[in-house]
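**Student:** Supplied in structure tokens, the structure appears directly below.
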Ligand code: GAL
Ligand code: MG
């Protein structure tokens, strides 16, 4: 059957028309660069064929819209917003794309003065999605594709002094789209810088530097490969700041010439992410001068590991996408700089450009601040997996040029960045001959770095064995060398940070540190990709897949970062920072004042750090000090005596030794005193005392057959005899508890519970419990009343549940003690593998908005995510205890809570527990949290909702990867909770919390 003729943007064999050979970006350039960013005329069309006659001619464009460059047009109201993870938005019919192909015609003018014409005119686009034709003064000047790479066109013969016109026609869909199926929003347009370069007639066109160290890692050598155009002579110099280290000259006699130079640098400071020391290479050829920065370092595979300067390193990385909550994929230098600084502040030492090359300046920042980089080609054809022909184009030689082009152009552009460790051939595109060819081509251009590609499952072509989301047990097998090939291993993605989580990061780090072959990994991912929206009612929130009526979509699967869209670190970023901290602080039980510091840096000793320590109890610091001299080389440990003075503990008070390892001096990304790591140890100094419960005055009881009331001098506790529960508790006429404890096993599902949710809620109905009264007994004593309530707890149509005994003791002074024991019971077989939690929920009066707790904090913490939290007394208003996830879900939990208070500023409800428990305090119910799709939809409850958990399951990372580890799954089991509630003066909560009563 006859097939249609390929359009230019449907031809996989064309990688460009009139486009110059890719080359390195220079750090400095004496040639004039004129930015063409700013307002352009813009015409949006449903297909390129609708272009008006003469659109490319100067002077056309009357009546068109205006758009700012750089930007993506979907964020400017054209076309529509659409998010899919894997699906192509059209039939899989490569290389053809829909006839209805959203198109944007951009047009602007620029003025060139006479002086300009001493040189040539290069038009450079840093990034246009997805393919585009350009015209200068009405003449077709070229065509290019690959959305995340630059393209340059020599338009010297097309420009003239005075006003000139440039027209760019951008196609949303092209054959390139088949290779740009990354998990992200579909965006189009000129979204990176556009500039004109006034290149001298005799010029340095390219300068590729390979700077390595000798085997002793002392002396450096830089191989400088130049491409120059024109005839003339030049000089080169290698500089350390302004200090000249080496220099030389060269001549060129041809049109375009390759010149090889070797610069012996002598003794140098090696580049590593820990010591990002940069040198400059200055090339002058006739009147053209350029500079590139370089760092001396050697990357090799040695003894089964990838090494930097001979040392096997551990990557503590993060995956980075271009993202802005208001600009889509158009990001600024300032934003990237803030991101890199934030990464460094959080101990991150590596970044993967998932899944395409970033703008030049990101690599400059990584060179400067020190981050190891995996640079990844703009290549993913994930949608082919879902048609069950994953290798369709990856193994089709017709597509070889396209594959190789994407990898090689990246390598040529980013060649000079010392931060880049590995070239990644792409992501999620199966394996096939085109990857073999890409790997070969990359090695030909740059043999000095490693090749990465996760889709090369057996690491046939790649230098490293890369996997994603590998579960802990499998990872351990890889670590032991029982799985896969023998190449060094890296996790290019793990720790899926969707919503609340990822948990179990510590477990991963422990394996990375334990097994030589495992060299770390990259958290998925840096940002939540939500877009800032303000609706008519004034709600400000972030939208995700489906929020724009886009179908099909992957919902909030793009809300999976360590950072909220507005760059607020989520609790998991703080957790990660501590998990990967380069200094680990340990203390053996019984070791007295001695602590041990373990240095996890690969290159640095600890001399740039000091130890701040303090002894804390409750909200006070009892003693503090600083230890300045830390001596431990990379991988070594050192012992320190913390010289705190002996002291007499106050009764019922816990004392902690807190240790914070801090920077001694300012560094480019953080100030002196910035904390690098922390540790906390409970001291053995402890004095336990208990008193008898005060008589507490007289009380009377009332029983009307439904309600049983215990009235003290100023308090009233009401029990419901039919429902078998504490109804309310009032002191001095002020309600404290507005609904008494009831058992619950449910939490508002977190994203990492997504594969459990359906069973939990539609099969085991854990959100639909029923607590039935078994018996109700009272017994009156001289100064207290015992109320014992038996209940049966179960869920809709379930045979499993708990037999519960609540033993309440009500004192005349109003204090109430509750001892709850639950006994598990199962009379069938079906039941969930584990439960989100086992605990109780109660409600308190809404005016009690000031919370305090003694437990882990400040930030929320969970069983498998609590490395960054310290024990202490923390205060917050109730709203401040919640974490406002873009997609609402369980949040704000605190572990190890021994007491908490909830007050109105004057009086507080104080709850002291016999055994530490898990705590949540919110102004909303978990049901409302579950229902809400955006934060503004969470309904404010009429009471304060309190959860006290016997156990609360961990977070895991199961939205993509590892489930909660067994130890952090709450299995159905017997449980017990025991606590006392009192009304106290708000300022007295700490003091009152120490009063322990004898039974
Ligand atoms: C990986 C993929 C990423 C992203 C992630 C899930 O499979 O490489 O691009 O889709 O899963 O968020
Ligand atoms: Mg994908």
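The values are calculated or read from the model by the stated rules, or taken from the named source; none is laboratory data. Given the structure is predicted, the values throughout are model-derived calculations rather than measurements. We place every Cβ from the backbone using ideal geometry, glycine too, and count neighbours over all the protein chains shown.
**Student:** How many of the residues making up region 201-229 are surrounded by fewer than 22 Cβ atoms within 10 Å (Cβ to Cβ) and more than 27 Å from residue 421 (Cα to Cα)?
**Tutor:** 3
**Student:** Out of 710, 676, which single residue is more than 27 Å from residue 775 (Cβ to Cβ) and part of a strand (DSSP E or B)? Outline the logic, then answer.
**Tutor:** Numbers: 710 fails: more than 27 Å from residue 775 (Cβ to Cβ).
After ruling out the rest, the residue left standing is 676.
**Student:** In the list 211, 222, 216, which residue meets the criterion of being outside the structural domain of residue 57 (by TED's automatic domain parsing) and at pLDDT below 95?
**Tutor:** Values: 211 fails: at pLDDT below 95; 222 fails: at pLDDT below 95.
Residue meeting the stated conditions: 216.
**Student:** For residues that are in contact with a helix residue (DSSP H, G or I) (Cβ under 9 Å, 6 or more places away or on another chain) and over 14 Å from residue 228 (Cβ atoms), scanning just region 21-33, find the one that is surrounded by the fewest Cβ atoms within 10 Å (Cβ to Cβ).
**Tutor:** Keep residues of region 21-33 that are in contact with a helix residue (DSSP H, G or I) (Cβ under 9 Å, 6 or more places away or on another chain), which gives 21-25, 27, 32.
From the residues that got through so far, the ones that are over 14 Å from residue 228 (Cβ atoms) too are 22, 25, 27, 32.
Details: 22: 23, 25: 21, 27: 19, 32: 14.
The qualifying residue surrounded by the fewest Cβ atoms within 10 Å (Cβ to Cβ) is 32.
**Student:** Does residue 111 meet the test of being surrounded by fewer than 16 Cβ atoms within 10 Å (Cβ to Cβ), in contact (Cβ under 8 Å) with a residue 12 or more places away in the chain and over 32 Å from the mean Cα position of the chain (by Cα)? Lay out the reasoning, then the answer.
**Tutor:** Details: surrounded by fewer than 16 Cβ atoms within 10 Å (Cβ to Cβ): yes; in contact (Cβ under 8 Å) with a residue 12 or more places away in the chain: yes; over 32 Å from the mean Cα position of the chain (by Cα): yes.
Answer is yes for this residue.
**Student:** Would it be correct to say that residue 758 is within 19 Å of residue 957 (Cα to Cα) and surrounded by 18 or more Cβ atoms within 10 Å (Cβ to Cβ)? Before the answer, list the steps.
**Tutor:** Details: within 19 Å of residue 957 (Cα to Cα): yes; surrounded by 18 or more Cβ atoms within 10 Å (Cβ to Cβ): no.
The answer is no for residue 758.
**Student:** So residue 910 clears everything in (1) surrounded by fewer than 23 Cβ atoms within 10 Å (Cβ to Cβ); (2) closer than 16 Å to residue 992 by Cα except one condition, right? Which one?
**Tutor:** (1)
**Student:** Does any residue of region 557-564 turn out to be out of contact with any helix residue (DSSP H, G or I) (no Cβ under 6 Å at 6 or more places or on another chain), within 17 Å of residue 861 (Cα to Cα), at pLDDT 95 or above and surrounded by fewer than 23 Cβ atoms within 10 Å (Cβ to Cβ)? Show your work before the answer.
**Tutor:** Kept after step one, since they are out of contact with any helix residue (DSSP H, G or I) (no Cβ under 6 Å at 6 or more places or on another chain), are these residues of region 557-564: 557-561, 563-564.
From what's left, within 17 Å of residue 861 (Cα to Cα): 563.
Right, trim to at pLDDT 95 or above and you get 563.
Add one more test, that the residue is surrounded by fewer than 23 Cβ atoms within 10 Å (Cβ to Cβ), and what stays is 563.
Yes, because at least one residue in region 557-564 is out of contact with any helix residue (DSSP H, G or I) (no Cβ under 6 Å at 6 or more places or on another chain), within 17 Å of residue 861 (Cα to Cα), at pLDDT 95 or above and surrounded by fewer than 23 Cβ atoms within 10 Å (Cβ to Cβ).
**Student:** Can you list the strands (runs of 3 or more DSSP E) found entirely within region 827-901 that contain at least 1 residues being within 25 Å of residue 577 (Cβ to Cβ) and over 26 Å from the mean Cα position of the chain (by Cα)? Working first, answer last.
**Tutor:** On the way: elements: 837-844, 850-857, 870-877.
Once the strands (runs of 3 or more DSSP E) in region 827-901 are filtered for at least 1 residues that are within 25 Å of residue 577 (Cβ to Cβ) and over 26 Å from the mean Cα position of the chain (by Cα), what remains is 850-857, 870-877.
Yes or no, residue by residue, for (1) more than 16 Å from ligand 2 (Cβ to nearest atom); (2) free of Cβ contacts under 8 Å to residues at least 12 places away in the same chain; (3) under 37 Å from the mean Cα position of the chain (by Cα); (4) not in a strand (DSSP E or B):
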site	(1), (2), (3), (4)
950	yes, no, yes, no
959	no, no, yes, yes
963	yes, no, yes, yes
972	yes, no, yes, yes
977	yes, no, yes, no
981	yes, no, no, no
987	yes, yes, no, yes
990	yes, no, yes, yes
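**Student:** Another question, if that's okay. Being within 16 Å of ligand 2 (Cβ to nearest atom) and assigned to a strand (DSSP E or B) is the filter here, so list the residues in region 54-112 that pass it.
**Tutor:** If we filter region 54-112 for residues that are within 16 Å of ligand 2 (Cβ to nearest atom), which is where we start, we get 82-89, 92.
Scanning region 54-112 gives 83, 84.
**Student:** Would you check if residue 567 is under 23 Å from residue 350 (Cβ atoms) and in contact (Cβ under 8 Å) with a residue 40 or more places away in the chain? Full working, then the answer.
**Tutor:** On the way: under 23 Å from residue 350 (Cβ atoms): yes; in contact (Cβ under 8 Å) with a residue 40 or more places away in the chain: yes.
In short, yes.
**Student:** Give me a count of the residues in region 393-405 that are in contact with a helix residue (DSSP H, G or I) (Cβ under 7 Å, 6 or more places away or on another chain) and either part of a helix (DSSP H, G or I) or buried (at least 20 other Cβ atoms within 10 Å of the Cβ) (or both).
**Tutor:** Here is the first cut: in region 393-405, the residues in contact with a helix residue (DSSP H, G or I) (Cβ under 7 Å, 6 or more places away or on another chain) are 393-395, 397, 399-400, 402-404.
Add one more test, that the residue is either part of a helix (DSSP H, G or I) or buried (at least 20 other Cβ atoms within 10 Å of the Cβ) (or both), and what stays is 393-394, 397, 399-400, 402-404.
Number satisfying all stated conditions: 8.
**Student:** Still on this structure, I have one more. Looking at 77, 104, which one is exposed (fewer than 15 other Cβ atoms within 10 Å of the Cβ) and either more than 16 Å from ligand 1 (Cβ to nearest atom) or more than 30 Å from residue 207 (Cα to Cα) (or both)?
**Tutor:** 77
**Student:** Also: Among the residues of region 413-425, are any more than 25 Å from the chain's Cα centre (by Cα), more than 16 Å from ligand 1 (Cβ to nearest atom) and farther than 30 Å from residue 96 by Cα?
**Tutor:** Quick first cut of region 413-425, residues more than 25 Å from the chain's Cα centre (by Cα) only: 413, 415-416.
Those still in the list that are more than 16 Å from ligand 1 (Cβ to nearest atom) too: 413, 415-416.
With the extra rule that they be farther than 30 Å from residue 96 by Cα, the set shrinks to 415-416.
Within region 413-425 (the criterion being more than 25 Å from the chain's Cα centre (by Cα), more than 16 Å from ligand 1 (Cβ to nearest atom) and farther than 30 Å from residue 96 by Cα), the answer is yes, since at least one residue qualifies.
**Student:** A follow-up question, please. Go through region 578-607 and report how many residues are in contact with a helix residue (DSSP H, G or I) (Cβ under 8 Å, 6 or more places away or on another chain) and under 17 Å from residue 674 (Cα atoms). Write out each step before concluding.
**Tutor:** Step one: filter region 578-607 for residues in contact with a helix residue (DSSP H, G or I) (Cβ under 8 Å, 6 or more places away or on another chain), giving 579-580, 600.
If we keep only those that are under 17 Å from residue 674 (Cα atoms) too, we end up with 579-580.
Matching residues across region 578-607 total 2.
**Student:** What are the pairs with Cβ atoms under 6 angstrom where one residue, in region 273-298, is closer than 15 Å to residue 371 by Cα and the other, located anywhere, is buried (at least 23 other Cβ atoms within 10 Å of the Cβ) and at pLDDT below 95? Sequence gap at least six, or different chains.
**Tutor:** none
**Student:** A further question follows. Do any strands (runs of 3 or more DSSP E) entirely within region 445-552 hold 2 or more residues that are within 16 Å of ligand 1 (Cβ to nearest atom) and touching a residue at least 24 places away in the same chain (Cβ under 8 Å), and if so, which? Walk me through it before giving the result.
**Tutor:** Values: elements: 450-452, 465-468, 489-494, 518-523, 531-534, 540-543.
Passing ranges, in order: 465-468, 489-494, 518-523.
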